[in-house]
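Bear in mind that the values in this text are calculations on the coordinates, not laboratory data. Since the model is a prediction, treat every value here as computed from it, not as a measurement. Note: ideal-geometry Cβ built from the backbone for every residue, glycine included; neighbour counts use all protein chains shown.
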Amino acid sequence: MSRGISSTSYYRKLIRWLLEEDRQPKEGPYPQEHGPRKHVWWRVMCLTGVDYFSTLGYQPGIAALAAGVLSPLATFVLVLLTLFGALPIYRRIAAKSPHGEGSIAMLEHLLPWWQGKFFVLCLLGFVATDFIITITLSAADATAHIIENPWTPSFLHGQQILITLVLVTLLGVVFLKGFKEAINIAVGLVGIYLFLNLITIGAGISQILQQPSLLLDWQRALFVSHGNPLVTAGVVVLLFPKLALGLSGFETGVVVMPLVKGRATDTEVHPTGRIRNTRKLLTAAALIMSFFLLTSSLVTILLIPAAEFQPGGSASGRALAYLAHRYLGDGFGTVYDLSTIAILWFAGASAMAGLLNVVPRYLPRYGMAPNWTRKTRPLVLVYTFIAFVVTILFRANVDLQGGAYATGVLVLMTSAAVAVTLSSIRERQKRARLVFGVITLVFIYTTIVNIFERPEGIRIAAFFIGTIVVMSLVSRVWRSTELRVEQVEMDEMALRFITDPKQQTIRFIANRLNTGDVAEYYHKEKEVREDNHIPSTDTVVFLEVQIADASEFANIVRVKGIMVGEYQILRAESAAVPNAIAAILLYTRDQTGKLPHAYFGWVEGNPIQYLLRFILFGEGDIAVVTREVLRKAEKNPEQRPAIHVGG
């Protein structure tokens, strides 16, 4: 018996601990909206850089494996797309969405009603793909650096999956305890990592200058394999989408905007200083990464034998580390490995912070998240479990996960390009519309090629999209009878209607607005009084709620009082009619101290059809749903407004 009580006590403590909220703001992608501490733009760049710059750990190797001797040329095309495609798009997004909402929010605003919500849910599936694969890919590449280090104990060789799972577990444990001071750590990691890469690439360039034959051999290999320059250019255009990993980091760059310090004159509506500094951040990150992408691709393809890039080779997933050990010694190489392992692990931390913040930013606002998803620790356990599954499925292989990662990155970039293009069209900017339209087509092409070449990415994204959509819809249906009103605001005349001291009983007649003339209200009042035996001496107030956007979950209900002839009418707009009526009834009770009565008519039709109409269009069987909303909102039946149905 005591053992059973003890286990129950432990279980309750565990649940309580899981549901405790870590109230410290997380410095990471998709920051919380309660005013994070501001930093100089270059420090925030380091936070985005742990994701963006850390791809140098595996990008050169993946590029060599995908494009062979054409790797430097394909990388050059990728750099052009970075500087003249991705950068202009995200500089514009920084101006259009300066509060850290990113391209997803732009599309949400441009696409109204349910199609906008479902589009966002699909994009969140790709966000989840991007971040989860960032965690697993970074951990897998960190594992490759651990195993291939000459000082690593032999018993760890062949344990890629186990070591990767340990790194993912450590990441989960850190977030269960609470993850803080991200920017300070990021500045140190990025500074050291880029400095070590500069030394390594410099050593590689020195070797090439000392052996000019390496460059001649590469040019000869290009000519032998493809001959005609036009054929070479065509092949490069076909190959460069495989290198799309090098585009990661731009979306993170705009969603961390709330962390960027602006001018003292910045306002919430016009944060011009923050926008300018974020554009500096994006430009600096793109230029730095472009330099490292080009130089790392060139030195690795010229100095590393092709066989070493293959799975199981010494340069697989760690091309620059291979050069560091070979040309600068195992001491420097080990320092490079440790730096790479640290920044890769921290890239996973950045991704986990993004996952933990992206759910509260969208799904609860849509009414599409269970209550436990507002808590950090349950989400950490869910994401860690998913990362375990992905790691095992891909056998902790860096190259196998590259395609899935690129798919998430490219879809987000394509959606960003579409958002900017639609914005230009709406603002009638002909030149911008043409430029961004062309960039959008390039990203669409790149995404399609990547999906056909590496379909595993779209499969993982489809799983995440399906899971998010199903869970979101179930949650929306489950929560549809919540009050769903943030606040009720009545104008002066509306307040006068409900606080009239002559009214002993406050009676509302729910009415669907048609012509809005005196005759409509005369016939409606006559019908309701006869059906419900309301004394002719009692005043009635008509209550009309029109649908604003049924896809929204909660909103502020603003009520206007108007007179049509001698009839008093309250008019409001809301996402759902029954919920708004319930909120107005409760507000009236609280303002007057009297329990109001509301009168409805019966509806004719299939109950299932009315249920669907309520969920999708905010209408349906108004009386029944209003009664249920009131029952859930007010637990005490004696304090609950009265609902009458007649006719």
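Can you work out the Karplus-derived ³J(HN,Hα) for every residue in the stretch 407-414? Use 6.51 cos²θ - 1.76 cosθ + 1.60 with θ = phi - 60°, whole Hz, and x for glycine or proline.
Result, rounded to whole Hz: 4, x, 4, 5, 5, 4, 5, 5.
How do the peptides 134-141, 205-212, 395-402, 318-325 rank, highest first, by the average count of neighbouring beta carbon atoms within 10 Å per residue? Let's see the in-between values first.
Working: 134-141: 30.4, 205-212: 12.4, 395-402: 23.0, 318-325: 26.5.
Most protected by this proxy first, the peptides run 134-141, 318-325, 395-402, 205-212.
I'd like the FRET efficiency for I608 and L287, computed as 1/(1 + (r/R0)^6) with the beta carbon distance as r and R0 of 51 Å, rounded to 0.05. All intermediate terms of the calculation are to be shown ahead of the outcome.
Details: r = 59 Å, r/R0 = 1.15.
Rounded to the nearest 0.05, the efficiency is 0.30.
Along the charge dipole of the chain, pointing to its positive end and built from +1/-1 on Cβ of Lys, Arg, Asp and Glu, which listed residue (T169, A572, L281) has its Cα farthest out?
Farthest towards the positive end: L281.
Within straight cross-link reach of K38, meaning Cα distance under 18 Å, which aspartates and glutamates are found once same-chain residues fewer than 8 apart are removed?
Straight-distance partners of K38: E27, E101, E181, D266, E268.
Using the Cβ atoms and a cut-off under 15 Å, what net charge is assigned to the surroundings of V409, where Lys and Arg are +1 and Asp and Glu are -1? Don't jump to the answer; show the numbers that get you there.
Values: positive: K242, R454; negative: D51, D130, E251, E453, E456.
Local charge sum for V409: -3.
Would you pull out the residues with amide H under 5 Å of V645's amide H, same chain only if 5 or more places away, H placed 1.01 Å from N?
F600
For a test of the definition: using alpha carbon positions, the gyration tensor, and the 1.5 limit on a/c, classify the stretch 125-271 as rounded, prolate or oblate.
Taking the square roots of the gyration eigenvalues as a ≥ b ≥ c, the stretch 125-271 is oblate.
Ranked by Cβ crowding within 10 angstrom, fewest neighbours first, how are F84, F118, F53 ordered? List each step's numbers first, then the result.
Numbers: F84 12, F118 16, F53 24.
Ascending Cβ contact count within 10 Å gives the list F84, F118, F53.
Within 14 Å, Cβ to Cβ, of T440, how many net charges do the neighbouring residues add up to if Lys/Arg are +1 and Asp/Glu are -1?
Here the count lands on +2.
Among the aspartates and glutamates, select those whose C-alpha is under 13 Å from the C-alpha of K502, and discard any that sit fewer than 8 residues away in the same chain.
Result set, ordered by chain and number: D538.
Would you calculate, for the chain, the mean residue ellipticity at 222 nm contributed by helices, counting each DSSP H stretch of 4 or more residues as -39,500 (n - 2.57) and dividing by all residues, to the nearest 500?
Details: 23 runs with 414 residues, N = 647.
Using -39500 (n - 2.57) per qualifying helix, the result is -21500 deg cm²/dmol.
Compute, for the stretch 485-646, the length of the dipole vector about the Cα centre, with Cβ point charges of +1 (Lys, Arg) and -1 (Asp, Glu) only. Units Debye, rounded to 20.
The calculated dipole for the stretch 485-646 is roughly 420 debye.
With the dipole of the chain worked out from charges on the C-beta (+1 for Lys and Arg, -1 for Asp and Glu) around the Cα centre, which of A306, V624, A417 lies farthest toward the positive end?
Result: A306, furthest along the dipole toward the positive end.
Using a simple charge model, +1 on the beta-carbon of Lys and Arg, -1 on the beta-carbon of Asp and Glu, nothing else, what dipole does the chain show about its Cα centre, in debye to the nearest 20?
In total the dipole reaches around 820 debye.
List the lysines whose alpha-carbon lies under 23 Å from that of K117, not counting same-chain residues fewer than 8 positions away?
Answer for K117, where 23 Å is the Cα cut-off: K96, K375, listed by chain and number.
For a protection proxy built on the mean count of beta-carbon atoms within 10 angstrom, sort 119-130, 304-315 highest first, please.
The most tightly packed comes first, giving 119-130, 304-315.
Taking the Cα centre of the stretch 485-646 as the origin and placing charges on Cβ (Lys, Arg +1; Asp, Glu -1), which of F600, S551, Y521 is farthest toward the positive end of the dipole?
Checking the options against the dipole of the stretch 485-646, the answer is F600.
Which whole number of Å³ per residue matches the convex hull of the alpha-carbon atoms in the chain?
Expressed per residue, the convex hull around the Cα atoms of the chain is 202 Å³.
If we count other beta carbons within 10 Å of each Cβ, what is the order of T376, T539, T626, fewest first?
On the way: T376 23, T539 14, T626 26.
In order of increasing Cβ crowding within 10 Å: T539, T376, T626.
Given axes a ≥ b ≥ c from the Cα gyration tensor, I'd like to know whether the stretch 485-646 is rounded (a/c under 1.5), prolate (a/b larger than b/c) or oblate.
Values: a/c = 1.34, a/b = 1.21, b/c = 1.11.
Because its axes are fairly even, with a/c under 1.5, the stretch 485-646 counts as rounded.
Grab the other residues whose beta carbon is less than 13 angstrom from that of L107, score K and R as +1, D and E as -1, and report the net.
Details: positive: K96, K117, R426; negative: E101, E108, E251.
Charge balance near L107 sits at 0.
Taking other Cβ within 10 Å of each residue's Cβ, how do R529, R428 sort, fewest first?
In order of increasing Cβ crowding within 10 Å: R428, R529.
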